[in-house]
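The values are calculated or read from the model by the stated rules, or taken from the named source; none is laboratory data. Everything quoted here is computed from the prediction, not taken from an experiment. All Cβ positions, even for glycine, are placed from backbone atoms using ideal geometry, and neighbour counts span all protein chains on display.
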Amino acid sequence: MYIVPSVITLGRPGIKNNGIWLNAATNRSWIGWFAFIFLVSFYILLYFRPDYIINWTYIVDPISESLSGNLASQWFLYGLLYCIVMSVMAVRMYIKYRHNKYQILRTTSVLFFQIVFAFLIPELLVRFEKPWYDFKNAFPLDYDFFYSWSLDELIANGGLGLFILIWGIVLTLVIVPVMVYFFGKRWYCSWVCGCGGLAETLGDPYRQLSDKSLKAWKLERWLVHGVLVFALIMTGFTLYTYFSGVDGLLGIRTQTIQDIYGFLIGSVFAGVIGTGFYPIFGSRVWCRFGCPLAAYLGIVQRFKSRFRITTNGGQCISCGNCSTYCEQGIDVRAYAQKGENIVRSSCVGCGICSAVCPRGVLKLENGPENGRINPTEILLGNDVNLMNLVNHENKN
Amino acid sequence: MKSIQNIGLALFLVGLMIFTSFIFFGKYEVTPHILDETLTSKGIKSELFINNLNTNVLGKEFSNSFSFSSAITKSLEQTNEAHKLNSEWDKVIWDKPHSFVYEIAKKSGSGFVKENKGLFWWLTFWAWNPWCAYVYSTICDYFRSSRN
């Protein structure tokens, strides 16, 4: 009821100045803080005090029983709420971006993958006494794929178990890099990933809150790749323990590393901070600062991909919509003003920058690798030594 | 139009507050049957823990999930500490305390939410749905007529 009438109240199709920075819900004001507290509390209860929310799980027991045959765990409740919230906010997306076919299609895709692949299929697998598995959840995002209980469970489950094991490995080692080569990170982060799906639907009102500063970019680079390294080291320990039977290496127990990763990254960073921080820090905090899969995809996108966002610099009026709404905190306008292609490793290819551009300057494209990266030196930039630059160019 | 939006928002917030309030309701009581089931399915060997539960938890009715949870987690922590001191590693219960309590609580709970699962499902999530459909159709008509 709140969302649907916006078809009328928001006026004609298209993006317009709608006072988003003046609305208490979207400009880090009191409503935003309430939402923040509510979301963070919800995640803390869900992850760390599930025994307090038993009544909530009772409400969804009948649905859980009809799908998997089991009573609802707190994770079923979470998955169901996730799908419901995404569906409702997807309606909002359809209305807001109804002028943009790309956004309609993309929202539908991400909704489909969440409801079918992350919710229905795994629950139905359990009904048939197979392991619960989300086929689109790739390692290292699915950080417990190589844990001993997971490997044991898959190996013990016959043909399907083995298929899942091989699928998981092929997905991470083959499908992911090949798809990023052809389409960029966007095929996963904006069209398939569940976290991305929530960020694009529930997080849409909060895109403009992502930090655009250079400081944030510097932190982001260290943090997101650091988490990837952590995940890889942890998996190394896990596999070593699994195959050798030795429960640790260099005086560090594998179980301890798994526990620390599971708590700090899996629960606090991805869950509590990842979604809880939407109303204050923007919709992609996890994706930008923590997701190890994003780091992996980003490396491929930056160095070996056909994806770029082309900019028709001559049409740019420097309105700044693109930078404002970039949920990854990329200063898109700077690239557009110079007519440079955007191939940033953090760009998830959501396409919103292109959707909000009043002049059609930006276009998400896949093209030949040659000449994809076309930087422009700024002669009077802060970090440029003018004499070096001039002499260097004269020498060539 | 704006008033429809505001009504919708109000309904949503009311529903959310009702939903949130549920965590404060419900009674929890562990029957011998539930205790048996849990102990066998988890393979718990610690007599200390079982005795502790028998005295502090069995047959008692707890008026909310917080006191229920803290009663069990306290016994869990005490007995685990004692067993760890004596290096009786197979008697230590390695489960995460609150996940352990979750499983018992799920079976031990009672109250109007548990009794009326279906009703509350419809009330909290779907009461506003028919309104949405009605509102949407009204809007489509309005849209169509305003364009002509």
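Selection within the range B:89-120: residues that are in contact (Cβ under 8 Å) with a residue 24 or more places away in the chain, within 19 Å of B:Ile50 (Cα to Cα) and basic (Lys, Arg). The member of this set that is farthest from the other protein chains (Cβ to nearest Cβ) is B:Lys91. Among helices (runs of 4 or more DSSP H) entirely within the range A:8-114, having at least 3 residues that are under 30 Å from A:Ser354 (Cα atoms) singles out A:30-48, A:74-96, A:101-112.
Here A:Thr26 passes the criteria (1) polar (S, T, N, Q); (2) modelled with pLDDT of 75 or more; (3) surrounded by fewer than 19 Cβ atoms within 10 Å (Cβ to Cβ) except the one numbered (3). Considering (1) crowded, with 20+ Cβ neighbours inside 10 Å; (2) over 30 Å from A:Leu264 (Cα atoms), the lone condition that A:Asn341 does not fulfil carries the number (1). Look at the range B:31-43: where a residue is under 15 Å from B:Ile72 (Cβ atoms) and a partner is among the hydroxyl-bearing types (Ser, Thr, Tyr) and surrounded by 13 or more Cβ atoms within 10 Å (Cβ to Cβ), sitting 6+ places away or on another chain with Cβ atoms under 9 Å, you get B:Thr31/B:Ser108; B:Ile34/B:Ser108.
Suppose we filter B:Asn86, B:Asn54, B:Asn6 for residues that are surrounded by 12 or more Cβ atoms within 10 Å (Cβ to Cβ), of a type outside the set (Phe, Trp, Tyr), more than 20 Å from B:Glu115 (Cα to Cα) and away from chain A (no Cβ under 11 Å); which single one remains? Step by step, each of B:Asn86, B:Asn54, B:Asn6 is checked, and only B:Asn54 is surrounded by 12 or more Cβ atoms within 10 Å (Cβ to Cβ), of a type outside the set (Phe, Trp, Tyr), more than 20 Å from B:Glu115 (Cα to Cα) and away from chain A (no Cβ under 11 Å). Go through the residues of the range B:63-77 one by one and say whether even a single one is loosely packed, with under 13 Cβ neighbours inside 10 Å, modelled with pLDDT of 80 or more and closer than 30 Å to A:Ala35 by Cα. Yes. Checked against (1) part of a helix (DSSP H, G or I); (2) surrounded by fewer than 17 Cβ atoms within 10 Å (Cβ to Cβ); (3) touching a residue at least 12 places away in the same chain (Cβ under 8 Å); (4) within 14 Å of chain B (Cβ to nearest Cβ), A:Leu124 passes all but condition (4). Within the range A:248-302, restricting attention to residues that are polar (S, T, N, Q), surrounded by fewer than 24 Cβ atoms within 10 Å (Cβ to Cβ) and in contact (Cβ under 8 Å) with a residue 24 or more places away in the chain, the residue that is farthest from A:Phe38 (Cα to Cα) is A:Gln258.
Among the residues of the range B:32-48, just one is within 14 Å of chain A (Cβ to nearest Cβ) and of a type in the set (Asp, Glu), namely B:Glu37. Only a single criterion out of (1) modelled with pLDDT under 80; (2) surrounded by fewer than 18 Cβ atoms within 10 Å (Cβ to Cβ); (3) in contact with a helix residue (DSSP H, G or I) (Cβ under 7 Å, 6 or more places away or on another chain); (4) at the interface with chain A (Cβ under 9 Å from one of its Cβ atoms) is not satisfied by B:Glu29, namely (4). Checking A:Tyr102, A:Tyr78, A:Tyr52, A:Tyr94 one by one, the residue that is modelled with pLDDT of 90 or more and within 14 Å of chain B (Cβ to nearest Cβ) is A:Tyr78 and no other. Out of the helices (runs of 4 or more DSSP H) lying entirely within the range A:133-192, which hold 3 or more residues that are without any contact (Cβ under 8 Å) to a residue 12 or more places away in the chain and either in contact with a helix residue (DSSP H, G or I) (Cβ under 9 Å, 6 or more places away or on another chain) or of a type outside the set (S, T, N, Q) (or both)? The qualifying helices (runs of 4 or more DSSP H) are A:148-155, A:158-170. The listed residues are A:Trp149, A:Trp167, and the only one of them that is within 26 Å of A:Asp259 (Cβ to Cβ), more than 16 Å from the chain's Cα centre (by Cα) and surrounded by fewer than 17 Cβ atoms within 10 Å (Cβ to Cβ) turns out to be A:Trp149.
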